[in-house]
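Engineer: The following block contains the structure, expressed as structure tokens.
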Amino acid sequence: MKKMFYVMCAAGLAASLAGCTKIDTSATTTTSAASADAVAKEDNKSEEKAEAAAKPEVKLIGAHVNTVDSSYQAGFDAMKEKLEEVSGGKMTVEIHPNGELGGNEAELVEKMATGTVDMIVASPNFVATTGVPEADLFSIPFLYTGLDHWTAVVDGEVGQAIEDKINAGGVLHSLGYWSCGTREYFGVKPVNTVEDFKNVKIRVQDSDVVRSVWSALGTNPTTLAYNELYSGLQNHVIDAAENDLGNILLQKFYEAGPYVSLTDHDIATRMFLIGTQKYNSLTDEQKQWVDEAAEYACKEQRTFDKELNDQALETIKENGGIVNEVDKGGLLAACADAKDAAAEKIGAADLYNKINEAAK
């Protein structure tokens, strides 16, 4: 009986202890849940702080009209990469290729002036429309003897003088010069001598100085939107056009105008620009970051562009383009007076003479 009594007491004590333990576990669970919530809230705050720290303070909107495999894109990619690096992530560039924000450079220049776009790359003739007619000096065909001559001009006294005029205009701020290959003739029939240019309806850039030189060669120069060039050749709206080998390849212009005649009439200058209003809104430190990144972008873009154009000629041939040499001496002689007159007309005769002197 005593043994049974002890067993029953032990069972009762165990049941009593089990009841107490259950109550304590509930309290512990409640405390743990509260602690977990607190930790989660702290984690969320940390993540929000990290996201805020990672988010750039300034985002520049960049735009161009060429494809994502072009030298324009390579230049903008380099700008974005370097700007994020030197600013520690405080600044970046949002890049819009393929004419997403404007189908031609004239439209991009207009949007730059209104602040819709912050950074662009544009041809000299479009920059000239912003009150800097001297910029169109770089549009004159047959201006350079070769790439070394071009580099000496844009990176030297003449290039700096044009940049100063652009910056003083109050609309655009120059970040440097990009190259866009050596421009060549292409069309539905080849040209070999100056006589072959007679009455050819050729699409050229919208510039009086450009049209005057092509007219001196006997052509009928006309303008046509860049995105209509391919169809213009197909539908015989134009007989020919001119562009650098890289874009002739990437845009497949050689399909619609299979004859590529190596006129070498222009080592194309392109201007890398930021809106003056946007640039002036930056702090001195931010301007320094932009300038440093832009210098890097100019070097990278030129390197990419040269490699692209060096490879493009052979690829065009492989893809069916028909390439021929041209009597360049005859072309130079035919347009010499027109070049002089064009430089005089835009008030850049002195700079034009310095370009010629740099070739010696």
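The values are calculated or read from the model by the stated rules, or taken from the named source; none is laboratory data. Treat the numbers as computed from the prediction; the structure is a model and nothing was measured. Every residue, glycine among them, receives a Cβ derived from its backbone with ideal geometry; neighbour counts consider all protein chains shown. These accessible areas exclude ligands, DNA and RNA; they are computed on the full protein's heavy atoms, side chains included. Shrake-Rupley method; radii C 1.70, N 1.55, O 1.52, S 1.80 Å.
Engineer: Just to verify a result, which residue in the range 288-336, among those that are over 27 Å from the mean Cα position of the chain (by Cα) and of a type in the set (A, V, I, L, M), is farthest from Val194 (Cα to Cα)?
Structural biologist: Top of the filtered list is Ile322.
Engineer: Here is a further query. Take the residues of the range 199-227 that are polar (S, T, N, Q) and assigned to a helix (DSSP H, G or I): which is surrounded by the most Cβ atoms within 10 Å (Cβ to Cβ)?
Structural biologist: For the range 199-227, the residue satisfying everything is Ser212.
Engineer: Which of the residues belonging to the range 228-246 are within 23 Å of Asp264 (Cα to Cα) and open to solvent by 10 Å² or more (accessible area, probe 1.4 Å)?
Structural biologist: Within the range 228-246, Tyr230, Asp239, Leu245 qualify.
Engineer: If I ask for residues that are open to solvent by 20 Å² or more (accessible area, probe 1.4 Å) and part of a helix (DSSP H, G or I), which ones from the range 153-181 would you list?
Structural biologist: If the condition is that a residue be open to solvent by 20 Å² or more (accessible area, probe 1.4 Å) and part of a helix (DSSP H, G or I), then Glu157, Gln160, Ala161, Glu163, Asp164, Lys165, Asn167, Ala168 are the ones that fit.
Engineer: Here's a check for you: in the range 182-198, which residue that is part of a loop (DSSP other than H, G, I, E, B) and of a type in the set (A, V, I, L, M, F, W, C) is surrounded by the most Cβ atoms within 10 Å (Cβ to Cβ)?
Structural biologist: Applying the filter and picking the extreme gives Val191.
Engineer: May I pose another question? For the range 133-146, enumerate the residues that are in contact with a strand residue (DSSP E or B) (Cβ under 9 Å, 6 or more places away or on another chain) and surrounded by fewer than 22 Cβ atoms within 10 Å (Cβ to Cβ).
Structural biologist: Phe142, Gly146
Engineer: Of these, Tyr259, Tyr254, Tyr230, which one is under 20 Å from Ala106 (Cα atoms) and at pLDDT 95 or above?
Structural biologist: Tyr230
Engineer: When you go through Ala15, Ala63, Ala78, Ala40 one by one, which is the residue that is over 40 Å from the mean Cα position of the chain (by Cα), at pLDDT 50 or above and aliphatic (A, V, I, L, M)?
Structural biologist: Only one candidate passes the filter, namely Ala40.
Engineer: In addition: Which of the residues belonging to the range 237-287 are part of a strand (DSSP E or B), under 19 Å from the mean Cα position of the chain (by Cα) and under 24 Å from Phe197 (Cβ atoms)?
Structural biologist: Answer for the range 237-287, where residues must be part of a strand (DSSP E or B), under 19 Å from the mean Cα position of the chain (by Cα) and under 24 Å from Phe197 (Cβ atoms): Asn243, Asp244, Ile267, Ala268, Thr269.
Engineer: Let me ask something else about it. Report whether or not Trp150 is farther than 30 Å from Val58 by Cα, open to solvent by less than 10 Å² (accessible area, probe 1.4 Å) and either part of a loop (DSSP other than H, G, I, E, B) or in contact (Cβ under 8 Å) with a residue 40 or more places away in the chain (or both).
Structural biologist: Judged against the criteria, Trp150 is a match.
Engineer: Ok, one more. Looking at Gln301 and the list (1) buried (at least 21 other Cβ atoms within 10 Å of the Cβ); (2) at pLDDT below 95, which single condition is not satisfied?
Structural biologist: (2)
Engineer: If you check Ala333 against the conditions, is it open to solvent by 70 Å² or more (accessible area, probe 1.4 Å), small (Gly, Ala, Ser) and either in contact with an Asp or Glu (Cβ under 9 Å, 6 or more places away or on another chain) or not in a loop (DSSP other than H, G, I, E, B) (or both)?
Structural biologist: Judged against the criteria, Ala333 is a match.
Engineer: Also, quick follow-up: Please specify each residue of the range 94-108 satisfying the condition of being touching a residue at least 40 places away in the same chain (Cβ under 8 Å) and either touching a Ser or Thr at 6+ places or on another chain (Cβ under 8 Å) or not in a helix (DSSP H, G or I) (or both).
Structural biologist: Scanning the range 94-108 gives Gly99, Leu101, Gly103, Asn104, Glu105, Ala106.
Engineer: How many of the residues making up the range 269-293 are surrounded by fewer than 22 Cβ atoms within 10 Å (Cβ to Cβ) and of a type in the set (Gly, Ala, Ser)?
Structural biologist: 1
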